[in-house]
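To start, the structure under review is shown below, and the notes come after it.
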Amino acid sequence: MMMPTAADAPYIELYNSGELEERAKRLERRLALCDICPRNCRVNRLEGELGYCHSGKEPIVASYCDHHGEEPPVSGSRGSGTIFFGNCNLRCVFCQNHQISQDWQAQECNRVSVNDLADFMLKLQEKSCHNINLVSPSHFVPQFVSALNLAIPRGLKIPIVYNTNSYDSPDTLRELNGIISIYLPDLKYADDENAKRYSDAAGYSRHARTAIKEMFNQAGGLVTGAGGIAVRGVLVRHLVLPGNIAGTRQCLAWLANEVSNEVGLSLMSQYHPCHRAFKYPELTGIVEAGEYVKALRQVKELGFKKTYIQGLGSPRVYLPDFNKEKPFED
Ligand code: SF4
């Protein structure tokens, strides 16, 4: 087998120079007093102590598969090689992935080694997926970088997508510079009170905005290549919530004015009440057509160049079931 070259993926150069291994070691050391995400729990994950994300030394992979339901530049024709990490550093009351993100005891059986994680990436590449798509990776960045360091000499060469809730630490993101080709961050809220109430995410808007700026500094606007597949850049997701809970107008204006309208924008209408949303009367409906159309109008006014939108009948279409081998199959 031929060793991939830097022309295949930017991270190969980091591997060849030894920089990737250095970063893996640096990140692993930080697990001893964990400050990998803004929660800054300071627990020793290497010794089995658990912080807010209930995740120790080993990665937890709830599911991995080729996924055809992401935005077209991510899924393409051959699917995106999604790796769904178990547990999360947020507690969104309406999380559609709550089976794997918030039931940490059930996730214990999904603990794997970094070697297994490297295997999963290689299997997804063998399936001809366009990319490796790390879903909710914020609390497992050190484990991912170590796995990447093992997968490259075994032939991994496809681009990496970092698919995040954006509650990320800028120091951790800086370690991913030159590794991640496509950043796929959420911009969930404009208002910190709502972020705290519905996701237990204190200071979300500051942390997410800092993180998205760092991603843009690294990867720039969204660039697509042959077949419309994302080659590099930032593609921001914004889920419109009922009753303007997400602060859609402020989120979009900030993104265009303080980052760039060159970022890709995925404006999502798929909100569907699930998990603990039923305890909040304001979250029990779906997004009204008028709310979504108003947001679409603003997207046009702000001049976003690459936008991805959803039909208004989408809320049920995108609901996964992680008890199935392919959670999004239906
Ligand atoms: S990654 Fe987990 S343990 Fe570390 S700071 Fe974040 S929530 Fe806490």
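Values as computed for the structure displayed
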item: Vicinal HN-Hα couplings computed from phi for region 117-133 (Karplus, 6.51 cos²θ - 1.76 cosθ + 1.60; Hz; Gly/Pro x); result: 4, 4, 4, 4, 4, 5, 5, 5, 5, 4, 6, 6, 4, 6, 7, 9, 10
item: Region 221-330: trypsin sites (Lys or Arg not before Pro) in DSSP coil with no more than 14 other Cβ atoms inside 10 Å; result: Lys305, Arg316, Lys324
item: Principal-axis tilt of helix 204-219 within the chain, Cα atoms, nearest 10 degrees; result: 50
item: Under-5 Å amide H pairs with Arg237, H placed in peptide plane, nonlocal only; result: Asp186, Leu187, Ser266
item: Nearest 10 degrees, 0 to 90: helix 289-302 Cα axis against the chain principal axis; result: 70
item: Estimated Rh, region 59-187: Kirkwood, alpha-carbon pairs, angstrom; result: 14.7
item: In degrees, nearest ten, helix 19-30 long axis to first principal axis of the chain (Cα); result: 70
item: Where no second cysteine Cβ lies under 4.7 Å, the cysteines concerned in the chain; result: Cys34, Cys37, Cys41, Cys53, Cys65, Cys88, Cys109, Cys129, Cys251, Cys274
item: Under the Karplus curve 6.51 cos²θ - 1.76 cosθ + 1.60, θ = phi - 60°, whole-Hz ³J(HN,Hα) for region 98-107, x wherever Gly or Pro sits; result: 4, 4, 10, 9, 10, 10, 5, 5, 5, 7
item: Set of lysines near Lys306 by C-alpha distance (under 23 Å), chain-local residues within fewer than 8 positions excluded; result: Lys188, Lys213, Lys294
item: Trypsin sites (Lys or Arg not before Pro) within region 106-148, DSSP loop, no more than 15 other Cβ atoms inside 10 Å; result: Lys127
item: For region 189-233 and region 17-40, distance of Cα centres in Å; result: 21
item: Antiparallel DSSP beta bridges within the chain, as percent of all bridges there, nearest 5; result: 25
item: Approximate spin-label separation Glu258-Lys300, in nm, with each point projected 7 Å along Cα-to-Cβ; result: 2.7
item: Shape call, region 64-139: gyration tensor on alpha carbons, a/c limit 1.5; result: oblate
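Here, each number is a calculation from the coordinates, and none is a lab measurement. Note that the coordinates shown come from a computational prediction; the quantities given were computed from them, not determined experimentally. Don't worry about glycine lacking a Cβ; one is built from the backbone with ideal geometry, like all the others, and counts go over all protein chains shown.
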